[in-house]
1. In the list 37, 6, which residue meets the criterion of being out of contact with any helix residue (DSSP H, G or I) (no Cβ under 9 Å at 6 or more places or on another chain), modelled with pLDDT of 85 or more and either of a type in the set (Lys, Arg) or not in a helix (DSSP H, G or I) (or both)?
2. For residue 45, indicate whether it is of a type outside the set (Asp, Glu), part of a helix (DSSP H, G or I) and either modelled with pLDDT of 85 or more or within 27 Å of residue 114 (Cβ to Cβ) (or both).
3. State the number of residues belonging to the stretch 83-107 that are in a loop (DSSP other than H, G, I, E, B) and surrounded by 10 or more Cβ atoms within 10 Å (Cβ to Cβ).
4. Would you point out which residue out of 31, 110, 58 is surrounded by fewer than 10 Cβ atoms within 10 Å (Cβ to Cβ) and either at pLDDT 80 or above or in a helix (DSSP H, G or I) (or both)?
5. If a residue has to be touching a helix residue (DSSP H, G or I) at 6+ places or on another chain (Cβ under 6 Å) and among the acidic types (Asp, Glu) to count, how many in the stretch 64-95 make the cut?
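The values are calculated or read from the model by the stated rules, or taken from the named source; none is laboratory data. If you're wondering where the values come from, they're calculated on a predicted model, not measured in any experiment. Methodologically, a virtual Cβ is constructed for each residue, glycine included, from the backbone with ideal geometry; neighbour enumeration extends over all protein chains shown.
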Amino acid sequence: MSEYYKIFIMFIACVILAILILGASFMAKSKNYNWEKISAYECGFQPFEDTRSRFDVKFYLVAILFIIFDLEIAYLFPWALCLDELNVEGIVSMIIFLFVLTVGFVYEWKKGALDWY
């Protein structure tokens with residue numbers, strides 16, 4: 001049972017530290033709000049407009065890019081973990097996969113899908 005005391009003490013210390021950091025952030029926050037600080041800066045449109053307004057296609061392209069590169073990482077980690085057990089066919093197939101994704105990324109970059117002006 002004495003082995004669990006160290007874990008319990010660490011747990012209590014973490015809870016106290018979390019409460020202290022949360023309290024310090026509430027005390028240090030600014031009370032002066034202005035429109036630029038509370039506006040939606042990532043989505044590119046005002047939050048309180050007509051809900052049937054049209055979105056720019058670039059939002060969808062960036063979302064698709066995120067999904068593609070998220071899936072690339074999901075395939076890349078297991079491949080990297082078993083790299084020493086793979087034969088030439090496994091290495092070549094991953095190189096082809098990465099090449100196709102790179103070509104798609106360069107294509108979208110050249111088309112201006114990543115430009116926000």
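1. Of the residues listed, the single one that is out of contact with any helix residue (DSSP H, G or I) (no Cβ under 9 Å at 6 or more places or on another chain), modelled with pLDDT of 85 or more and either of a type in the set (Lys, Arg) or not in a helix (DSSP H, G or I) (or both) is 6.
2. On the way: of a type outside the set (Asp, Glu): yes; part of a helix (DSSP H, G or I): no; either modelled with pLDDT of 85 or more or within 27 Å of residue 114 (Cβ to Cβ) (or both): yes.
No; evaluated as a whole, the condition is false for this residue.
3. Of the residues in the stretch 83-107, 1 are in a loop (DSSP other than H, G, I, E, B) and surrounded by 10 or more Cβ atoms within 10 Å (Cβ to Cβ).
4. Just one listed residue meets the conditions, 110.
5. Total satisfying the criteria: 1.
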